[in-house]
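Working notes for the structure below.
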Amino acid sequence: MTDNLSPADTAKLAAAERAVSFVQDGMRLGLGTGSTAAWMVRCLGRRVRDEGLQIVGVPTSEHTAVLARAEGIEIVTLEEAGWLDLTIDGADEFDGDLNLIKGGGGALLREKIVASASDRMIVIADAGKHVAQLGDFPLPVEVIRFGWQSTRDQIAELLEEFDVARREITLRLRDDVPFVTDEGNYILDLELGQIADPRHLALLLNQIPGTVENGLFIDLCDLAIVGHVDGNVTLVERTEDDDGFDNAV
């Protein structure tokens, strides 16, 4: 698994290995989506095979489901799991309060549902994802296909009220056609540059008819594990309350 890794993959693998060390026998896990989360699924599969770890996973995308099955991880639906002990996922950006931007891989809706149905959420990322202020990465907003242009126009009007550096909205494409999520929706990517008040923006975006969910994850992440190119990791915890990770540092 570790032969001939790029520096970026070395950092992702280091974060993934540290994250799966929190997994205990019998846990019900949310399995994230994206390149860093894929390393986590592989590490988890190795523990299942080598240690006989008994866990079940709820994948946040069809891609993750395929990978998890290939790794020998038992997959269940969220309805079957009921409630999750832990979700491990990546992030496109996270700030010092562990607010996140997610959705670069197009799975933000399932990712947020799964994270909100978990006792704890761990984010794994490389050092470049840790930012002073969210917004440099485009903010994904999942919208239904019917009337998506009207939804886009109402989002544009809303953004006029916010302290952001840019207000560019783009329909996400793949192979020159609109990208469609696992739930059959479109994604609008908001180029904002900076988001001064992500909590307020997240609330108001979801009030616009046609908006399904946005990629701002507020008060969901408890711990970020940052991988570095030398194979070391840094742990960033939420400090405003006790989230049960005191022994992680």
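The values are calculated or read from the model by the stated rules, or taken from the named source; none is laboratory data. Treat the numbers as computed from the prediction; the structure is a model and nothing was measured. Methodologically, a virtual Cβ is constructed for each residue, glycine included, from the backbone with ideal geometry; neighbour enumeration extends over all protein chains shown.
Tabulated data for the structure shown
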item	result
Candidate set: the range 87-115, residues that are among the basic types (K, R) and farther than 15 Å from T36 by Cα; chosen: the one surrounded by the fewest Cβ atoms within 10 Å (Cβ to Cβ)	K112
The lone exception for R199 - which of (1) in contact with a strand residue (DSSP E or B) (Cβ under 9 Å, 6 or more places away or on another chain); (2) of a type outside the set (V, I, T); (3) surrounded by 14 or more Cβ atoms within 10 Å (Cβ to Cβ); (4) not in a loop (DSSP other than H, G, I, E, B) it fails	(3)
Residue in the range 232-245 that is modelled with pLDDT of 95 or more, surrounded by fewer than 16 Cβ atoms within 10 Å (Cβ to Cβ) and in a loop (DSSP other than H, G, I, E, B) present	yes
Single unsatisfied condition, E168 versus (1) touching a residue at least 60 places away in the same chain (Cβ under 8 Å); (2) touching a Pro at 6+ places or on another chain (Cβ under 9 Å); (3) not small (G, A, S)	(1)
So R110, is it in contact (Cβ under 8 Å) with a residue 24 or more places away in the chain and either assigned to a strand (DSSP E or B) or within 19 Å of D182 (Cα to Cα) (or both)	yes
Of all residues in the range 43-66 being assigned to a helix (DSSP H, G or I) and within 17 Å of the chain's Cα centre (by Cα), the one that is surrounded by the most Cβ atoms within 10 Å (Cβ to Cβ)	T64
Only one of A115, A156 that is assigned by TED's automatic domain parsing to the domain that holds T36, within 20 Å of V212 (Cβ to Cβ) and small (G, A, S)	A115
Test for D189: is it in a loop (DSSP other than H, G, I, E, B), outside the structural domain of A91 (by TED's automatic domain parsing) and either under 18 Å from the mean Cα position of the chain (by Cα) or among the aromatic types (F, W, Y) (or both)	no
Residues located in the range 66-125, provided they are polar (S, T, N, Q) and in contact with a helix residue (DSSP H, G or I) (Cβ under 9 Å, 6 or more places away or on another chain)	T87, N99
Residue in the range 135-158 that is modelled with pLDDT under 95, assigned to a loop (DSSP other than H, G, I, E, B) and surrounded by fewer than 16 Cβ atoms within 10 Å (Cβ to Cβ) present	no
Contacts under 8 angstrom Cβ, first residue in the range 193-216 being closer than 19 Å to I113 by Cα, partner acidic (D, E) and at pLDDT below 95, 6 or more apart	none
Selection from the range 116-134 of residues that are surrounded by 20 or more Cβ atoms within 10 Å (Cβ to Cβ) and either part of a strand (DSSP E or B) or in contact with a Lys or Arg (Cβ under 7 Å, 6 or more places away or on another chain) (or both)	S118, M121, I122, V123, I124, A125, D126
